[in-house]
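A.B. asks: Next up is a structure, given as structure tokens.
The values are calculated or read from the model by the stated rules, or taken from the named source; none is laboratory data. Remember, predicted model here, so these are calculated numbers, not experimental data. Cβ: placed from backbone, ideal geometry, glycine included. Neighbour counts: every protein chain shown. Surface areas here come from the heavy atoms of the whole protein model, side chains and all, with no ligands, DNA or RNA. Shrake-Rupley method; radii C 1.70, N 1.55, O 1.52, S 1.80 Å.
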Amino acid sequence: DEEVIHKEVNSKLYYLKYIIVDKDENIDLNDEATVNRKLSTGNFITVATVRPETILGDTGVCVHPDDERYKKLKGKFAVIPFVNRKVPIIFDDYIMMEFGTGALKVTPAHDINDYNLGIKHNLAVIDTLNPNGTMSEAAGFYIGKDRFEVRKQIVKDLEAKGHIAKVEDYKNKVGYSERTNAVIEPRLSMQWFLKMQDISKPALDNVLNGNIKLIPDKFINTYKHWMENVHDWCISRQLWWGQRIPAWYDDKGNFVVAKTKEEALKKLAIGNKQLANEKIKQDEDVLDTWFSSWLWPISVFDGFKNPDGKDINYYYPTNDLITAPEILFFWVARMIIAGYEYRQEKPFTNVYLTGIVRDKQGRKMSKSLGNSPDPIELIEKYGADGVRLGMLMCSPAGNDLLFDESYCEQGRNFSNKIWNAFRLVKGWSVDAKLEQSNGNKIAVEWFDARLNKQVKLIDDLYDKYRMSEMLMTVYKLVWDDFCAWYLEMIKPDFVDGNPLPIDKKTYEATVQSFESILKLMHPIMPFISEELWHLLRDRKEGDDIIIATWHQTSAINNSLLHKFELASNVVTEVRNIRKSKNISPKEKISLFQKGADGESKSLFDDIIIKLCNLDKLNTTKEKVENAISFVVKQNEYFIPFNNSIDINAEKERLQKELDYTQGFLKSVMVKLSNERFVANAKPEILANENKKKADAEARIKAIEEVLASL
RNA sequence: GGGAGCUUAGCUCAGCUGGUUCAGAGCAUCUGCCUUACAAGCAGAGGGUCACAGGUUCGAACCCUGUAGCUCCCACCA
């Protein structure tokens, strides 16, 4: 039943008439007169089947004991048409009376349910199929013919003899081989099984009690369900590749399991003294591939041959296993079972389950569908790191991932981005005598704080196995914070077409930050990060990023980060105004600030001047005439504007902001005036609401002032 | 039939212990820019009744119940 896919197909359901006889009665189906008499007097029972050729293996007919229609058949027999075999009519409540005719033909060799019925009622077993799907000697008819040919033929033959009551169209599910798409039908064979009941218990317990963690933990329920209903494991396979089953048979049908042939001979010779070495034969089957794979955590450290070895003692159990959920049962569960069975210990602590890679249409990637991309081609197109980042980008833990080449494209663009950042920094000329400007000093401090904060976050995300979030955090830290903000802050200006040099302090700090960033990128993009690591500085032999120390974090300077927040909002507002008023980025403008927050302004002043291309940034106590205004937090800002200003448009814009802020304040006030909220909410939530109230009020005041001045 | 899970922006998905303007990110889209690292780029913008209906709560995308749709695993009907 493994590797079998059930598909719904259109079939025919054949209703066949089996003549009923008494225990001592024998008839010949070739005797037309008798047959016709029986059929015309209702002395038959009708069964239904989609596989009429299996009647050759029928050894019984089964009905429900409570079925009034068939009660009179107790002790009677049915004669299998064509085959002319007399088989008992048995009674079992397994039968569904409503289905078909309520009578079932029983073919123990070719149906699992029939097999079980056969054992219960002591029916004969006739294996009518050869391994290649043709009819066997035992079938008695059509010997050597393909079963599907026989299916057509036997219907004609039965029809001719009047044994077919009717034929109906019918939808049923048929098993197909996952690999070859051949129709799979049950056939009796001798197989080796592993009894799972006892051996699997520790594997269940230790996942449920958290000794082994599944990530994400939604898989625990599935795991539990599977382990509680675990079936005995069929471990033999009829293949030539694999580990041969270590069982030996003597010439009398006895068998033993042994490590070697010699040992097997010794064991077998106990009951068979004359047994010669050449007389015993090893089983030709090999073990299921998972039956060797489940030993992997132990055998990879040579733990079977050398159970007390250095490696196995040091490495076992390992920390993390990364694999796909589709083999949670096949492989993971069985490795855990083997671990407890052979070493009395778990093989690993955490199991990180990735998604299954699917194509854009959600289909599983497979060789037969041909929908897997060629990784080599992708790498040529996007680079190994680009492809790697692309794969990671669409891989949230435990969820299937829909692969799309555009992710790889994004990965390539990211490689390109970091490469260009490197070119920029490397292209600067350093002037050791140049003093560090205030703007650069603040920029360095800010990025240091930002880096520190984000690395802490990244560390935490790693700890929690939130890989996609970690990835996006790194991505944004590099692209937004480092490239878009930091490098723009410190980038030297040009004078008369020539770039100014950069001071040594800032340059050194930048290279150091660059190194930290490369370390963060290295697990995601190993090649480009290693390459840039070596291009960034002269390195001694062995100073490689792959073994470099991870960025160490320290206390976070929250106040600086907060002040940057304000400054970046100002920059964004100015850019917005430039765009909406069609002011070229090259044109210098002035900015006036009116507000209480003097310190945060001055700290980032130089940076704001640079990023907004200002000729000056002044504080003012009065409103500025003929200016475009905006409000950030609770500060008012003015940009003098010579062209005529559309007062109404300005009013409208500010009014919108005012409405929004007032609405916000209202929602806060609803909470704060709710006695039950004040009584029940946690103190920090309450304090926060009060702060929101104060901030909103201040902001409203600022906006109203600006509005009034228009 | 048994079990698990999912439904949030055009797409792919985050959203942890119910509480920040919590409705987010990336991509895509739109607008403006060939600004001396990067047009594979820069700067902006728009976009969602959190599947639906109830309930619990001061407060719900989040907890509970029901409904609908989808996915996966296991078993399988003559």
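A.B. asks: Kindly indicate whether A:Ala596 is open to solvent by 40 Å² or more (accessible area, probe 1.4 Å), at pLDDT below 90, more than 14 Å from RNA strand B (Cβ to nearest atom) and under 24 Å from A:Val444 (Cβ atoms).
C.D. replies: no
A.B. asks: Going through the stretch A:654-710 one residue at a time, which ones are charged (D, E, K, R) and in contact (Cβ under 8 Å) with a residue 12 or more places away in the chain?
C.D. replies: A:Glu657, A:Lys671, A:Glu689, A:Lys692, A:Lys693, A:Asp695, A:Glu697, A:Arg699, A:Lys701, A:Glu704, A:Glu705
A.B. asks: With respect to A:Lys671, is the statement that it is open to solvent by 30 Å² or more (accessible area, probe 1.4 Å) and touching a Phe, Trp or Tyr at 6+ places or on another chain (Cβ under 6 Å) true?
C.D. replies: Details: open to solvent by 30 Å² or more (accessible area, probe 1.4 Å): yes; touching a Phe, Trp or Tyr at 6+ places or on another chain (Cβ under 6 Å): yes.
For A:Lys671, the condition - open to solvent by 30 Å² or more (accessible area, probe 1.4 Å) and touching a Phe, Trp or Tyr at 6+ places or on another chain (Cβ under 6 Å) - is met.
A.B. asks: Would you mind telling me which numbered condition in (1) over 24 Å from A:Ile577 (Cα atoms); (2) exposed (fewer than 14 other Cβ atoms within 10 Å of the Cβ) A:Leu665 fails?
C.D. replies: Single failed check for A:Leu665: (2).
A.B. asks: Tell me, please, whether a residue that is open to solvent by 60 Å² or more (accessible area, probe 1.4 Å), of a type in the set (D, E, K, R) and part of a helix (DSSP H, G or I) can be found in the stretch A:419-432.
C.D. replies: Yes.
A.B. asks: Follow-up question, since we're still on this one. Report the residue count in the stretch A:513-544 for those that are of a type in the set (Val, Ile, Thr) and either open to solvent by less than 10 Å² (accessible area, probe 1.4 Å) or in a loop (DSSP other than H, G, I, E, B) (or both).
C.D. replies: Within the stretch A:513-544, residues that are of a type in the set (Val, Ile, Thr) and either open to solvent by less than 10 Å² (accessible area, probe 1.4 Å) or in a loop (DSSP other than H, G, I, E, B) (or both) number 2.
A.B. asks: Show the residue pairs that are 6+ apart or on different chains and have beta-carbon atoms under 8 Å apart, the first residue being within the stretch A:494-510 and within 13 Å of RNA strand B (Cβ to nearest atom), the second being in a strand (DSSP E or B) and open to solvent by 70 Å² or more (accessible area, probe 1.4 Å).
C.D. replies: A:Leu500/A:Phe494
A.B. asks: Identify all residues within the stretch A:696-710 that are in a helix (DSSP H, G or I), open to solvent by less than 60 Å² (accessible area, probe 1.4 Å) and not β-branched (Val, Ile, Thr); write none if there are none.
C.D. replies: A:Ala696, A:Ala698, A:Arg699, A:Ala702, A:Leu707, A:Ser709
A.B. asks: For the stretch A:44-67, which residues satisfy the criterion of being more than 12 Å from RNA strand B (Cβ to nearest atom) and among the hydrophobic types (A, V, I, L, M, F, W, C)?
C.D. replies: A:Phe44, A:Leu56
A.B. asks: Mind checking whether some residue in the stretch A:447-456 is in a helix (DSSP H, G or I), within 10 Å of RNA strand B (Cβ to nearest atom), open to solvent by 60 Å² or more (accessible area, probe 1.4 Å) and within 29 Å of A:Ile607 (Cβ to Cβ)?
C.D. replies: Within the stretch A:447-456, not a single residue is in a helix (DSSP H, G or I), within 10 Å of RNA strand B (Cβ to nearest atom), open to solvent by 60 Å² or more (accessible area, probe 1.4 Å) and within 29 Å of A:Ile607 (Cβ to Cβ).
A.B. asks: Name the single residue, out of those in the stretch A:682-710 being touching a Lys or Arg at 6+ places or on another chain (Cβ under 8 Å) and either among the hydroxyl-bearing types (Ser, Thr, Tyr) or farther than 23 Å from A:Lys623 by Cα (or both), that is modelled with the lowest pLDDT.
C.D. replies: Per the criteria, the residue is A:Ser709.
A.B. asks: Right, A:Val495: among the β-branched types (Val, Ile, Thr), over 30 Å from A:Gly386 (Cβ atoms), open to solvent by 60 Å² or more (accessible area, probe 1.4 Å) and out of contact with any His (no Cβ under 9 Å at 6 or more places or on another chain) or not?
C.D. replies: Yes.
A.B. asks: Would you please name the residue that is nearest to A:Val183 (Cα to Cα), looking only at residues in the stretch A:78-97 that are open to solvent by less than 50 Å² (accessible area, probe 1.4 Å) and out of contact with any Asp or Glu (no Cβ under 8 Å at 6 or more places or on another chain)?
C.D. replies: The residue in question is A:Pro81.
A.B. asks: Oh, and also: List every residue pair whose Cβ atoms lie under 7 Å apart, where the two residues are 6 or more positions apart in sequence or sit on different chains, the first residue falls within the stretch A:179-194 and is modelled with pLDDT of 85 or more, and the second residue, located anywhere, is loosely packed, with under 15 Cβ neighbours inside 10 Å and charged (D, E, K, R).
C.D. replies: A:Phe193/A:Asp232; A:Leu194/A:Asp232
A.B. asks: Being under 26 Å from A:Lys656 (Cβ atoms) and at pLDDT below 85: is that true of A:Lys621 here?
C.D. replies: no
A.B. asks: For the stretch A:98-124, what are the residues that are open to solvent by 10 Å² or more (accessible area, probe 1.4 Å), assigned to a helix (DSSP H, G or I), away from RNA strand B (no atom under 13 Å from the Cβ) and touching a residue at least 24 places away in the same chain (Cβ under 8 Å)?
C.D. replies: Within the stretch A:98-124, A:Lys120, A:His121 meet the criteria.
A.B. asks: Being near RNA strand B (Cβ under 8 Å from one of its atoms) and open to solvent by 70 Å² or more (accessible area, probe 1.4 Å) is the filter here, so list the residues in the stretch A:225-240 that pass it.
C.D. replies: Those that are near RNA strand B (Cβ under 8 Å from one of its atoms) and open to solvent by 70 Å² or more (accessible area, probe 1.4 Å): A:His225, A:Asn229, A:His231.
A.B. asks: Being within 16 Å of RNA strand B (Cβ to nearest atom) and not hydrophobic (A, V, I, L, M, F, W, C) is the filter here; which residues of the stretch A:294-345 pass it?
C.D. replies: Hits for the stretch A:294-345 are A:Thr323, A:Pro325, A:Glu326, A:Arg334.
A.B. asks: Return the residues of the stretch A:125-154 that are open to solvent by less than 20 Å² (accessible area, probe 1.4 Å) and part of a helix (DSSP H, G or I); say none if nothing qualifies.
C.D. replies: Scanning the stretch A:125-154 gives A:Ala139, A:Val150, A:Ile154.
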